[in-house]
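Enquirer: The structure that follows is given in the form of structure tokens.
Derivation of every value follows stated rules applied to the coordinates shown; laboratory data play no part. Not measured: the values here are computed from a predicted model. Note that we place each Cβ from the backbone using ideal geometry, even for glycine, and neighbour counts take in every protein chain shown.
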Amino acid sequence: MERKMEESAVRDGDTAGSEAGGEDALVGNVTKLTVSPPGYSGAPRKGHLVFDACFESGNLGRVDYISEFEFDLFIRPDTCNPRFRVWFNFTVENVRETQRVIFNVVNFSKTKSLYRDGMSPVVKSTSRPKWQRLPAKNVYYYRCPDHRRNYVMSFAFCFDREDDVYQFAYCYPYTYSRLQHYLASLERRNLPYLQREQLGLSVQQRRLDLLTITNSEAPDHLSPDREKKLVFLTSRVHPGESPASFICQGVIDFLVSQHPVAQILRDHVIFKIVPMLNPDGVYLGNYRCSLMGFDLNRHWQDPSPWAHPTLHAVKQLIMQMNQDPRVSLEFYIDVHAHSTMLNGFMYGNVFEDEERVQRQAVFPRLLCQNAPDFSFSNTSFNRDVVKAGTGRRFLGGLLDDTSYCYTLEVSFYSYMPAGSNAPVPYTEETYMKLGRNVARTFLDYYKLSNLIKDNRPTHIQSSEVKSPTGNGKDNGVGRDAVDRQREKSQGVRH
Ligand SMILES: [Zn+2]
């Protein structure tokens, strides 16, 4: 029997947010772990659940049998950094039809969570391969006296097909392999305005991809004395923030499409995109760190070529472009997902110069008009000391005052549409749609700043890329007031 259950059944749930404390045994994922009742020694029966997380982006460190109907689940901490325990992703099989269970995820490292507001884990199964969120009414989030008053998320589930393998995750997974397949399919299209390069390798020798999207044949690009505007976008520095990858893919899908806005943008602007800044962390199923346990978004000031090679490579490239007189790096946007707030929103830097502050607010304001899920009121500008090593803060200090550095955040859970109080849970599609809206907002921005004076029609009914908001005036201002208060008090980390 391959149970890894501790017979002592010590419920050693860690104190939320602290160091490992008793979790140090959780170094690997469970591998086809059959959980039979204590004392049972025969061959596993139907209904003795088999748990597995030994696959890409998988995460489950331990399972405790509580009763026939109830199991305690332990998230495997980030590799080399036991402080972070949020992302989970595992399969369950060998179920009985109509078997009802309660799973308790008992060792989250965070206390504040959108579970209190209706968020729920996602599930799929062999016969229903599309991820969906569990009904919120089956999910409970509470302080549990049995786990040192740690916060526990419990969910009830009823298995319905004996032959299905069920998979549960914190949010819609987006793996390194998925990205590789997507980029390979883009390359096969041989688009003249798309270039894919390997910018470097991770510690475990995974690809750090860089895409360049621009029409280098356009008159704007051919004039040698004209400075080229450059937009730089990165995502997945935090590996558990999978919604960032859907946004990033939405940006890319839009920019390579035949949509007239995309064509105009390619004629005037160079887009450089690093879709996965932390490929090892994503592969390993970490929430926040790299293989070696570093939060890469705290190491921009001095990344090491051996300890933080992907970050080092991206920083080198940005420094190089910043020196290049032929290009003007105007935007740097780093995409994240947020575990306690709703909507899409941005963080920017604060400056003494009021005019610069106003200029910096322009892009998020325009995005708010294009994306019904983007909130300008949630957008904030700060200079917290703890954020000093982030890409936004570091590059904000490095680049000149005509550049804008933002963190783009999106909720792991939902958004409030204009004029509504009912949160709409994000799907893979609506995350991608936010990405498309981010991309097309650059045209509004560059028209406003007079770089682009193109009067080509920019509205089409395209089957390939849906025009995200037909009326374009649904700017969500009404909605912003609704969620204004809730986030003010919430600690933020990105
Ligand atoms: Zn983040």
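Enquirer: Count the net charge of all other residues whose Cβ sits under 13 Å from the Cβ of Leu451, scoring Lys and Arg as +1 and Asp and Glu as -1.
Expert: Its environment carries a net charge of -1.
Enquirer: At a 10 Å Cβ-Cβ cut-off, how would you order Ser36, Ser202, Ser242, fewest neighbours first?
Expert: Fewest-to-most ranking of Ser36, Ser202, Ser242: Ser36, Ser202, Ser242.
Enquirer: Given Cα pairs under 8 Å that are at least 6 residues apart, what percent is the relative contact order of the chain?
Expert: 14
Enquirer: For the chain, what is the mean residue ellipticity at 222 nm derived from helices alone (per DSSP H run of n ≥ 4: -39500 (n - 2.57); sum divided by total residues; nearest 500 deg cm²/dmol)?
Expert: Dividing the helical sum by the residues of the chain leaves -7000 deg cm²/dmol.
Enquirer: Please express the shape of segment 33-169 as an equivalent ellipsoid: the semi-axes are the square roots of 5 times the eigenvalues of the C-alpha gyration tensor, given largest first in whole angstrom.
Expert: With the √(5λ) rule applied to segment 33-169, the semi-axes are 23, 18, 16 Å.
Enquirer: For the chain, give the share of DSSP beta bridges that are antiparallel, in percent and rounded to the nearest 5; count only bridges with both residues there.
Expert: 65
Enquirer: Can you give me the angle between helix 428-448 and the longest principal axis of the chain, using Cα atoms only, in degrees from 0 to 90, rounded to the nearest 10?
Expert: Roughly 20 degrees, rounded to the nearest 10.
Enquirer: Once fully extended, how much extra length lies between Val424 and Glu355, figured as 0.36 nm per residue of separation less the alpha-carbon to alpha-carbon distance?
Expert: Using 0.36 nm per residue and subtracting the Cα-Cα distance, I get 21.3 nm.
Enquirer: In what sequence, highest mean first, do 49-62, 306-319 appear when ranked by Cβ atoms within 10 angstrom?
Expert: Going by the mean number of other Cβ atoms within 10 Å, highest first, we get 49-62, 306-319.
Enquirer: Could you tell me the distance between the Cα centroids of segment 42-61 and segment 330-368, to the nearest Å?
Expert: Centre-to-centre (Cα) distance: 43 Å.
Enquirer: What's the angle, to the nearest 10 degrees (0 to 90), between helix 309-323's Cα axis and the longest principal axis of the chain?
Expert: That helix lies at roughly 10 degrees to the long axis.
Enquirer: Report relative contact order for segment 33-169 in percent, whole number only (criteria: Cα-Cα under 8 Å, sequence separation at least 6).
Expert: 25
Enquirer: Sort Asp334, Asp384 by Cβ crowding within 10 Å, fewest neighbours at the top.
Expert: By the 10 Å Cβ count, ascending, the order reads Asp384, Asp334.
Enquirer: Right, next: For a footprinting-style exposure proxy, rank His259, His48 by other Cβ within 10 Å, fewest first.
Expert: His48, His259
Enquirer: Sorted by average packing, counted as other Cβ atoms within 10 angstrom per residue and highest first, what order do 162-173, 337-348 take?
Expert: The most tightly packed comes first, giving 337-348, 162-173.
Enquirer: What list of ³J(HN,Hα) couplings, whole Hz, do you get for segment 154-161 from phi and the Karplus terms 6.51, -1.76, 1.60, once you set θ to phi - 60° and write x for glycine and proline?
Expert: Taking θ as phi minus 60°, the curve returns 10, 9, 9, 8, 10, 6, 10, 9 Hz for segment 154-161.
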